[in-house]
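The values are calculated or read from the model by the stated rules, or taken from the named source; none is laboratory data. For clarity, every value in this text was computed on a predicted model and none was experimentally measured. Reconstructed Cβ throughout: ideal geometry from the backbone, glycine too, with neighbour counts over all protein chains shown. In case anyone asks, the SASA skips ligands and DNA or RNA and just uses the protein heavy atoms, side chains included. Shrake-Rupley method; radii C 1.70, N 1.55, O 1.52, S 1.80 Å.
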Amino acid sequence: QVIISFPDPAHKSDIVQLRGPKKEVEKCTEYMQKTVADLVENSFSISVPVFKEFHKNIVGKGGANIKKIREESNTKIDLPAENSNSETIVITGKRANCEAARHRILAIQKELANITEVEVSIPSKLHNSLIGAKGRFIRSIMEECGGVHIHFPTEGSGSDTVTIRGPAQDVEKAKKQLLHLAEEKQTKSYTVDLRAKPEYHKFLIGKGGGNIRKVRDNTGARIIFPTTEDKDQELITIMGTEEAVKEAQKELEALIKNLDNVVEDSMVVDPKHHRHFVIRRGQVLREIADEYGGVMVSFPRSGTQSDKVTLKGAKDCVEAAKKRIQEIIEDLEAQVTMECTIPQKFHRSIMGPKGSRIQQITRDYGVQIKFPDREENPAPVADPAVQENGEEGGEGKDGKDADPSSPKKCDIIVISGRREKCEAAKEALQALVPVTIEVEVPFDLHRYIIGQKGSGIRKMMDEFEVNIQVPAPELQSDIITITGLATNLDRAKAGLLERVKELQAEQEDRALRSFKLTVTVDPKYHPKIIGRKGAVITQIRTEHEVNIQFPDKDDESQAQDQITITGYEKNAEAARDAIMKIVGELEQMVSEDVTLDHRVHARIIGARGKAIRKIMDEFKVDIRFPQSGAPDPNCVTVTGLPENVEEAIDHILNLEEEYLADVVDNEAMQVYMKPSSHEESKAPSKGFVVRDAPWATVNNEKAPDMSSSEDFPSFGAQVAPKTLPWGPKR
C-alpha cells in the first residue's frame, strides 16, 4: 500500500510525496508519470483570436463546419457565446492536432477578409512594459486599431518577435503605434496618471475618437483609457516624452475641468416627438447620457403639452447633447414609411436565425422593420366570377372589388426611417429573398450527386448555403433546382457543374476501363497461366491493371477455351500479349519420360518438395513423378523447352546415379546387420541362467570354456580349432 500526499494548492508546489514499499512506490510513480504525460499530451490548449463577425462562418450552417474541423483534427473547440465580447476560440487536444485545427480556422477567416499577419522585432526586455499591468497598454492599441490581435512570445523564450494580425490597414496602424511605444520605452518614457469620472471618458474620447486624437496629434503623447477589464475605471494614463506628457496632461485637465463645470440649459422639442425619446424606458436618452459625459435630459411629463426640454451637465456636454437631440428630431421629421412586398413564404428565411439578419439590417441602416402577422389559413384561389344580370365577371355588384394583382397584406413588410435609408434597407431585404435557378444535369448522374444516404448533396448545400432539389427518379428529368440567396447561387451552380464535370470524367474513365477482349487458349494451358496459387495471373493483373476471367469448368454453357480480359484497351491488349507469350512458350514445350529408379524419388523431391522445386525453377521445366500404384513406378515426366528438358534430365540422372550408390550401400548394410534364420535357430535359450557359480568370484573371472582342455582336462577331448569370423567353411 502506498500513501500519496499532494501539496496544499496555496503553496503552488509541483512535488507529490509517495511513501510505502520500494517496489510499490516505484510502480506507483511510473503509473503517475505516465498518466501525467498522457494528460499533458492530450490537454494542450491554444487560444485563436478570430474576429467576431467571422464566428458564424467558422461554425457553418447547422454547425457543419466546426463539426468537421473537430472530427478531422480530433480536438475540442470552444467558441465564445454570441452575446460575449470575446473573440477568442479555444482549441484543446494534442499539440499537432490543435495546430492543424488552428490553421483550418485561420484559413477560413483569411478567405473571408483581407486578413494579414506581420512580425515586428522588439527587444524582449521591453515586452512586459509594452504589455502593461494586466495587458492594459497593449489592449488599448488593439482596441484603437480596429480590434487587431497582437501576440507576444512566451516569457523567458528570449524571442524578440511580436506578431500583429488583422485587416491590413489596421495592422499597419497598430505596427506604427507599437514601434512608437517601444521607442518611447527605450528612451525612458515619462508617465502620468489622471483621474476622471467614467461617464466623462466617452466625451473626452469623442465621436470616432476625434477629441482624444486631437490631443495626441497636438502633443505626441499616448493616452490610455481603462477598459471594462480594469478595476480602476477612473484611471487615465499618459505616456511619452516628459514635454509631450505634460502638454497632454494640461489639455486633458482643462477638458475635465469644463466637464466638472455643471450648467443647466433648455431647448424646444415638439411634443409629438417626445415619445420617441422616452419610450422603452428612455433607451434613447440613456444612449445620449452615456455618450455626452452623463448629461441629464428631462422631458416634460406626458399630458402637459409643454415643448421645453431641460439639459443639465458639463457645458460642453450639454451643447453636444442638444446638437444630437436636434439631429434625432430632424431624422424623425424626415422619416417615411415604405412598403416592401415579399411573399410570406420567404419571411422566415429573410429573418434568419433568431431574427439575426433583420437585426443586422436595422443596425446598418438605422431603420425600423415590421413584418406582418402570418396568414394561418390562406384563402383558396376562387374560380373566375360568373356574369350575372349583365355584370362583368371579376367585379362585385358595386364594381369595387379589390384588384387581384394587388399584394396581400401578409406579404407586406413595413420599413420606417429616412427615405434614403429605407430605400437602402429595402434593397437589402430584397437581396435576402431566396431565388431559384435551374441547372441541367444528365439524369443518370443524379444518384451520384445525391451520394450515399444523401451525403453528397448535403455537403454542397452546407458549403454554399442553398437548397438543392433533385427531381424524383420516376420523372426522368434532367433539371435540378437550386434555391438560395442570389449572392450564393452563382457559387452553388459553379460547384454543382464542377461536380458534374468530375462525374462525367469518372463515367468516361469507367467506360474506358470497361473495354473487353477475349483470348482463345487451350484449357490444358490454363493452370500454367494461372500459376501456383495464382501467382502468374496475379502478376499479370497487377502489372497491367486489368481483370482476367477464366471460364468456369463446371459451366458447360461457357466456352472452355475463352479467357476474358477487362480494363483500359491498351492495358487489356498488353495483358493479352503477356498471356499469349506464355502460351507460345507452352506450345514450344515438349514432354519426355525418363526412367528414374523409384528408390531415389523421395530424395530428389526433398522435404516438402523443396529440392524438386529448386530444380524446376533452375531449369524452367515441370517434373512429374508417378502416382502411388502407377504401372511404371520408375517413369518420371519432364516438360519444358527442348533444351531445358534435356538439361534437366541429365541433371536428375546424375542425381539418380549419386543417390542410387547410397541406396545400394544402405541395403547391403541392412542385410549384414540382419542375422540369418539358421543362426537365429541355433541361438541358445536365455531361459536358463546359472548364478553363484564357482567361477563367479570376486575377481570377476570369466566363465570356463567347456571346449578347452585347460579348463576341463579330464574330458580328454581335442581342442577345437578357432572359427573364422564368417563362420566355419562348409
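In table form, for the structure just shown:
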quantity: Local net charge near residue 281, Cβ-Cβ under 13 Å (Lys/Arg +1, Asp/Glu -1); calculated: +2
quantity: Accessible surface of the range 514-588 [probe 1.4 Å, protein heavy atoms]: carbon and sulfur percent; calculated: 46 percent
quantity: Gain upon complete extension [residue 276, residue 3; 0.36 nm per residue less C-alpha separation]; calculated: 91.1 nm
quantity: Lysines with Cα under 25 Å of residue 68, excluding same-chain neighbours fewer than 8 positions away; calculated: 52, 56, 76, 94, 110, 354, 453, 459, 493
quantity: Paramagnetic reach from residue 522 (point 7 Å along Cα→Cβ, amide N under 17 Å) across the range 568-602; calculated: 579-593
quantity: Descending principal axes extents, the range 4-83, alpha-carbon based, whole Å; calculated: 59, 30, 16
quantity: Charge dipole (the range 590-668, unit charges on Cβ, about Cα centre) - positive-most of 651, 611, 600; calculated: 611
quantity: Peptides 251-261, 663-673, 26-36, 92-102 ordered by average Cβ neighbours within 10 Å, highest first; calculated: 92-102, 251-261, 26-36, 663-673
quantity: Built amide H within the under 5 Å cut-off of residue 418, gap 5+; calculated: 336
quantity: Tilt relative to the chain, helix 315-333 - C-alpha long axis, 0 to 90 degrees, to 10; calculated: 80 degrees
quantity: Between 0 and 90°, nearest 10: helix 642-673 axis offset from the chain longest Cα axis; calculated: 50 degrees
quantity: Subset of 553/581; 202/421; 12/185 violating a 30 Å alpha-carbon distance limit; calculated: 12/185
quantity: Leading residue at positive end of dipole, the chain (Cβ point charges), from 407, 664, 512; calculated: 407
quantity: Mean accessible surface per residue for the range 44-115, computed with a 1.4 Å probe while every protein chain stays in place, in Å²; calculated: 59 Å²
quantity: Protection-proxy order for peptides 625-633, 308-316, each taking the mean of Cβ atoms within 10 Å per residue, highest first; calculated: 308-316, 625-633
quantity: Charge dipole (debye, nearest 20) of the range 502-617; +1 at Cβ of Lys and Arg, -1 at Cβ of Asp and Glu; calculated: 900 debye
quantity: The range 60-213, accessible surface, carbon-and-sulfur percent (1.4 angstrom probe); calculated: 48 percent
quantity: Note, ³J(HN,Hα) from phi for the range 416-427, Karplus 6.51, -1.76, 1.60, rounded to Hz, x at Gly and Pro; calculated: 10, x, 5, 3, 5, 6, 5, 5, 5, 5, 4, 4
quantity: Around residue 451: net Lys/Arg minus Asp/Glu count, Cβ-Cβ under 9 Å; calculated: +4
quantity: Nonlocal amide H pairs with residue 48, under 5 Å, H built at 1.01 Å; calculated: 89, 90, 91
quantity: Vicinal HN-Hα couplings computed from phi for the range 543-551 (Karplus, 6.51 cos²θ - 1.76 cosθ + 1.60; Hz; Gly/Pro x); calculated: 5, 9, 6, 10, 10, 10, 10, 9, x
quantity: Rounded tilt (10° steps) of 274-291 against the dominant C-alpha axis of the chain; calculated: 70 degrees
quantity: Rounded if a/c under 1.5, otherwise prolate or oblate - the range 518-592, Cα gyration tensor axes; calculated: oblate
quantity: Calculated FRET efficiency for the pair residue 373/residue 121, C-beta based, R₀ 51 Å, to 0.05; calculated: 0.20
quantity: Candidate aspartates and glutamates for bridging to residue 620, where Cα separation is under 15 Å - those fewer than 8 sequence places away on the same chain excluded; calculated: 585, 587, 592, 643, 646, 647, 650
quantity: 1.4 Å probe accessible area per residue over the range 422-523, in Å²; calculated: 59 Å²
quantity: Whole-angstrom gap from the range 258-289 to the range 533-553, using each part's C-alpha centre; calculated: 91 Å
quantity: Eligible lysines near residue 197 by straight Cα distance, threshold 27 Å, same-chain separation 8 or greater; calculated: 134, 207, 214, 231, 246, 250, 257, 312, 315, 322, 323
quantity: Heavy atoms of residue 79: accessible area, 1.4 Å probe, square angstrom to 10; calculated: 50 Å²
quantity: Extension gain (nm, one decimal) between residue 453 and residue 57, 0.36 nm per residue minus Cα-Cα; calculated: 140.0 nm
quantity: For the range 166-173, Karplus couplings with θ = phi - 60° (6.51, -1.76, 1.60), whole Hz, Gly/Pro x; calculated: x, x, 3, 5, 5, 5, 5, 5
quantity: Test item: Cα-centred dipole of the range 44-115, Lys/Arg +1 and Asp/Glu -1 on Cβ, debye; calculated: 200 debye
quantity: Estimated translational D of the chain in µm²/s (Stokes, Kirkwood radius over Cα pairs; 37 °C; 0.692 mPa s); calculated: 83 µm²/s
quantity: Projected area, mean over directions - the range 590-668, Cα convex hull, nm²; calculated: 5.2 nm²
quantity: Three semi-axes of the equivalent ellipsoid, the range 448-553, Cα gyration tensor, whole Å, largest first; calculated: 47, 14, 12
quantity: Average accessible area per residue (Å²) across the range 269-337 - probe 1.4 Å, nucleic acids and ligands excluded; calculated: 60 Å²
quantity: Cα-centred dipole magnitude for the chain, charges only on beta-carbon of K, R (+1) and D, E (-1), debye, nearest 20; calculated: 3500 debye
quantity: Cβ-derived FRET efficiency at R0 22 Å, residue 362 paired with residue 302, nearest 0.05; calculated: 0.25
quantity: The range 434-512 - percent of accessible surface contributed by carbon and sulfur, probe 1.4 Å; calculated: 51 percent
